[in-house]
Number of protein chains: 2
Amino acid sequence: MKNKVKTAVTPTRVEDYPEWYQQVIKASDLAERSPVRGCMVIKPWGYAIWENIMDVLNGMFKATGVKNAYFPLFIPLSFLEKEAAHVEGFAKECAVVTHHRLEPATDREGLVPAGPLTEPLVVRPTSETIIGESFSRWVSSYRDLPILINQWANVVRWEMRTRMFLRTSEFLWQEGHTAHATREEALERTHMMLEIYAGFAREYLAMPVIKGRKTPSERFPGAEDTLCIESMMQDRKALQVGTSHFLGQNFARASQIRFQSPQETEEYAWTTSWGVSTRMIGGLIMSHADDDGIVLPPKIASAQVVLMPIFRKPDDKSRVMEYVKSLEKELSSRFYHHRRICVEVDSRDIGGTRNWDWIKKGIPLRVEIGPRDIDENAVFVARRDRKHNDKTSMKREDFVGGIVNLLDEIQQNLLDRAAENLHAHSVKIDDAASFYDYFTPKNSEKPEIHGGFAHCHWCGSAGCEAGIKEDLSVTIRCAPFESEAEEGKCIRCGGPSHSRVIFAKAY
Amino acid sequence: MKNKVKTAVTPTRVEDYPEWYQQVIKASDLAERSPVRGCMVIKPWGYAIWENIMDVLNGMFKATGVKNAYFPLFIPLSFLEKEAAHVEGFAKECAVVTHHRLEPATDREGLVPAGPLTEPLVVRPTSETIIGESFSRWVSSYRDLPILINQWANVVRWEMRTRMFLRTSEFLWQEGHTAHATREEALERTHMMLEIYAGFAREYLAMPVIKGRKTPSERFPGAEDTLCIESMMQDRKALQVGTSHFLGQNFARASQIRFQSPQETEEYAWTTSWGVSTRMIGGLIMSHADDDGIVLPPKIASAQVVLMPIFRKPDDKSRVMEYVKSLEKELSSRFYHHRRICVEVDSRDIGGTRNWDWIKKGIPLRVEIGPRDIDENAVFVARRDRKHNDKTSMKREDFVGGIVNLLDEIQQNLLDRAAENLHAHSVKIDDAASFYDYFTPKNSEKPEIHGGFAHCHWCGSAGCEAGIKEDLSVTIRCAPFESEAEEGKCIRCGGPSHSRVIFAKAY
């Protein structure tokens, strides 16, 4: 017992990382599995994070001229078939609507599908083809370009093995779709959106990311180039946080998005698409959560502060609650990075469970207020990025006046820790034996936590990439933009290479 | 020609009201039909209205303790079947997913559905049953109640005859779902949400509404009581703008939402649901649009002001644009009812088309700025609620300083006009002959615009209700809360009645 510290979540990360992930989601009340295969229920504490993500990204998108719109949930099968690589990529995971009503079964109780559709409809796995059809009608001259559209929507990609937030059959996302008159302008937009994602991940989610380019085998089906941001989780696996695709003229050809140029020639438009999803919340959990629950970065947290009144005697109640209510009002009227500070008041009389509930929910600041604190006009403050029993008494005015700095400090602390994890488990490896050794679990106590980001040379062949994936379940996450030109030999075949790529296991 | 005034939209309301509705949507760039049967594309100018609706309603909901969450798109068929009246009500309009992938056809080119599902999934037409399943797990004691949840989502109800915004197979909406320990509390919530809808429609959409109760035949399938708000469109038909349902214990029984009471007995919860949808935008159009396009109430408008620079000579351009940019900045930094004023700048050099584009789009204020205006530090302002050529020169500082009042004046004016329309076409009718005459089109020039809201006595029998519906396509919109007790005779059978209900044709 002596060495065993009790944690709020069981098992711990070291004991069983995948199970810890499920339990931490349960403990924090973010989401739950639903009885519908592969779908999840996002509970209020989890959905509030998504609302904050939408709010911040909307502002960033709109500042670059992007406007929101909404396109149909269903895509006629024939639309999906227009781009060969695209349909190939999504055919194996499409939910297909084949009927439009239900009628009583003839052989038993209950209802059966009826009213068969002439052409089956696919529930959108992504909307390039259906949005392309609109673009083809919206564009006729170069003067109509660029078109800069974003949609917040649910999409469905049928999954056999699901993991909440990371891989679910239905998920929420935004998908941006743009059309341009020139290749250069479309490329510029592809990079611009990746920069927005990278900045958002770093500044709001406190997740340091690596920007780079996918290999051909990992590209979006139908894209000419896929850019991505990759982040390292606490088990040292990579998570793709966002992608931005340069689609060349492939989808413009498939959907006939044509325009008359200033020279009066008929041209195909150049298009892009880019997206992030509720997967980001999975990344947020695995970047910051600990064995006591999730840890929310203040800038994106469902709420920043919980006030917990303490009554020792029944007589205290009205006095304490009055004080708490006035503090709630004062804090809620202040802003933290353009949004009002969100304050929860929890006056449940349930003992220590109350404090632990909020630790598990990852709220940045827990504040206890009892009669003695009020006598001294003070509050008792605990930070989620410190030990659970590390509490400080602060004068109320200092707490209120300094709350923005306090939250910023927590935000920065989480980013620093995540950056440290990324740094500590990034290596350069130049020989095959070390490479294979690096990705082989050694410590039987924590088999799930091993490896990291291996910066290695690769000859560029799909064969070497596939061989490594088969042997180790390790993939090339990206060719980082920051990789310097450097001559080397492919980690698998020894063939020539001119810069390093990142190999890692991934979600 | 003399009497024929040219309008921006053809046909006019009087000429062909249904066709005018389609054309006004096209002219205003709000939305378009999609190639997917029954689905629409909501374009940026239309979607911005929906974003504003979401923003305002979110604030109103949250102030009453409601939290947002997200539940699965798909509902297992067996869930839907749990409540008999419910499944009966929706079976004829369900999109059914029967397969989870596509594979190459054996008899031709192309793909066919594959991977049949053991149990078909229905694309949610509404979420009582799937949310009820979660509630059944969230509730065990009276201490867990109430649960107050809302979800913003897309839903699908297959429609054969569609009309943009008013009736589409897929639409966007919010659906609130609450569970309570007592009947009284659930009833209170049902009424509370109706009041929120009514206030929102009036204050933001400038639509006067009548609050009332649906007859049993018009109730939500499975509800014990359906409350509604009904508004009158310009063709005097009724539009149901929002509904709030008291579900009794029906869905709690179907989904087993049970709790232990303070007396330690096991009880079924009392539930409610309530929703408004993109249909509101259809109502907005038909309440305020004229023969020149839509007219947006400032509080919910996609943007409030467009600035249109005028250059007579190329030399003017930089000076005018600088002035326009500074005015844009000044206006955008001001607030109109808790939201920043949204300003568009249109510097396209396309002649009079520019001005008409914005008239058709219904922006509340159009502002022209040329070199002469700048010399006088003035702007040339046109209001959408006045004639298109009614323009006023205003000092810049007066315009900026008075813009909130100006917008409020427009908002009030639209509400007054809509209220006038409602008042002018509301009648009490007490004999069958007059009733039938009232709902029979007389003027061959405008057969679509006739009738109104007939406040009549009704005996309460479903037979009389159905008979009138069959004869005239007129339905009972609601029994208004404000109807006074009054003895009378049923308009159809002459049987006794104790208060009036509203009969009307409806969307």
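The values are calculated or read from the model by the stated rules, or taken from the named source; none is laboratory data. Keep in mind it's a predicted model, so treat the numbers as computed, not measured. Positions of Cβ are backbone-derived with ideal geometry, glycine not excepted, and every protein chain shown enters the neighbour counts.
Below is a table of values for the structure above.
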| quantity | calculated |
| --- | --- |
| So B:Ala91, is it among the aliphatic types (A, V, I, L, M), under 30 Å from A:Leu80 (Cα atoms) and more than 10 Å from every other protein chain (Cβ to nearest Cβ) | no |
| Among residues of segment B:279-321, those that are assigned to a helix (DSSP H, G or I) and of a type in the set (Val, Ile, Thr), counted | 3 |
| Test: residue in segment A:305-313 that is under 29 Å from the mean Cα position of the chain (by Cα) and among the charged types (D, E, K, R) | no |
| Residue in segment A:276-291 that is buried (at least 17 other Cβ atoms within 10 Å of the Cβ) and more than 22 Å from the chain's Cα centre (by Cα) present | no |
| Residue that is buried (at least 19 other Cβ atoms within 10 Å of the Cβ), at pLDDT 95 or above, of a type outside the set (A, V, I, L, M) and outside the structural domain of B:Leu166 (by TED's automatic domain parsing), where the choices are B:Phe61, B:Phe74 | B:Phe74 |
| B:Ile476 being at pLDDT 95 or above and more than 22 Å from B:Gly242 (Cα to Cα) | no |
| Given (1) at pLDDT below 95; (2) over 30 Å from A:Ile363 (Cβ atoms), index of the condition A:Ile491 fails | (1) |
| Among residues of segment B:33-50, those that are under 17 Å from the mean Cα position of the chain (by Cα) and surrounded by fewer than 18 Cβ atoms within 10 Å (Cβ to Cβ), counted | 0 |
| Residues of segment A:238-265 satisfying the condition of being crowded, with 24+ Cβ neighbours inside 10 Å and closer than 15 Å to A:Pro208 by Cβ | A:Ala238, A:Val241, A:Gly242 |
| Boolean, B:Thr98 is touching a strand residue (DSSP E or B) at 6+ places or on another chain (Cβ under 7 Å) and either more than 7 Å from every other protein chain (Cβ to nearest Cβ) or surrounded by fewer than 22 Cβ atoms within 10 Å (Cβ to Cβ) (or both) | yes |
| Residue check, B:Asp385 assigned to a loop (DSSP other than H, G, I, E, B) and under 18 Å from B:Gln304 (Cβ atoms) | yes |
| Enumeration of residues in segment B:121-139 that are more than 24 Å from the chain's Cα centre (by Cα) and within 16 Å of A:Phe74 (Cβ to Cβ) | B:Leu121, B:Val122 |
| Selected residue (only one of A:Asp373, A:Asp398 is charged (D, E, K, R), farther than 24 Å from A:Lys317 by Cβ and more than 26 Å from the chain's Cα centre (by Cα)) | A:Asp398 |
| Options A:Ala27, A:Ala48; residue that is away from chain B (no Cβ under 14 Å), closer than 27 Å to B:Asn68 by Cα and in contact (Cβ under 8 Å) with a residue 40 or more places away in the chain | A:Ala27 |
| Which listed residue, of B:Glu195, B:Glu188, is part of a helix (DSSP H, G or I) and under 30 Å from B:Tyr21 (Cα atoms) | B:Glu195 |
| Single residue of B:Ala114, B:Ala91, B:Ala69, B:Ala105 found to be free of Cβ contacts under 8 Å to residues at least 40 places away in the same chain, crowded, with 19+ Cβ neighbours inside 10 Å and small (Gly, Ala, Ser) | B:Ala91 |
| Per-region count, segment A:68-88, residues facing another protein chain (nearest Cβ under 7 Å), of a type in the set (D, E, K, R) and assigned to a helix (DSSP H, G or I) | 0 |
| Subset of segment B:120-167 (residues that are of a type outside the set (A, V, I, L, M, F, W, C), farther than 26 Å from B:Glu81 by Cβ and not in a helix (DSSP H, G or I)) | B:Ser141, B:Pro146, B:Arg161, B:Thr162, B:Arg163 |
| Test: residue in segment B:404-427 that is in a loop (DSSP other than H, G, I, E, B) and in contact (Cβ under 8 Å) with a residue 12 or more places away in the chain | yes |
| Leading residue by the ranking (nearest to the chain's Cα centre (by Cα)) among those in segment B:266-275 that are in contact (Cβ under 8 Å) with a residue 24 or more places away in the chain and surrounded by fewer than 24 Cβ atoms within 10 Å (Cβ to Cβ) | B:Gly275 |
| Residues within segment B:125-159 that are of a type outside the set (Val, Ile, Thr), within 9 Å of chain A (Cβ to nearest Cβ) and farther than 30 Å from B:Glu267 by Cβ, tallied | 2 |
| Checklist (1) within 24 Å of the chain's Cα centre (by Cα); (2) crowded, with 16+ Cβ neighbours inside 10 Å applied to A:His338, failing item | (2) |
| Test: residue in segment B:224-233 that is within 14 Å of another protein chain (Cβ to nearest Cβ) and more than 27 Å from B:Ile281 (Cβ to Cβ) | no |
| Residue within segment B:126-135 that is surrounded by fewer than 21 Cβ atoms within 10 Å (Cβ to Cβ) and of a type in the set (Ser, Thr, Tyr) present | no |
| Residues within segment B:213-271 that are out of contact with any Lys or Arg (no Cβ under 6 Å at 6 or more places or on another chain), in a loop (DSSP other than H, G, I, E, B) and farther than 18 Å from B:Ile130 by Cβ, tallied | 15 |
| Which listed residue is on the phi > 0 side of the Ramachandran plot and within 8 Å of another protein chain (Cβ to nearest Cβ), from B:Gly65, B:Gly110 | B:Gly110 |
| Total residues in segment A:98-110, condition farther than 14 Å from B:Val97 by Cβ and assigned to a strand (DSSP E or B) | 2 |
| Within segment B:405-448, tally of residues that are exposed (fewer than 12 other Cβ atoms within 10 Å of the Cβ) and small (Gly, Ala, Ser) | 3 |
| Top-ranked residue of segment B:146-160 - restricted to ones that are aliphatic (A, V, I, L, M) and crowded, with 23+ Cβ neighbours inside 10 Å, ranked as farthest from the chain's Cα centre (by Cα) | B:Ile149 |
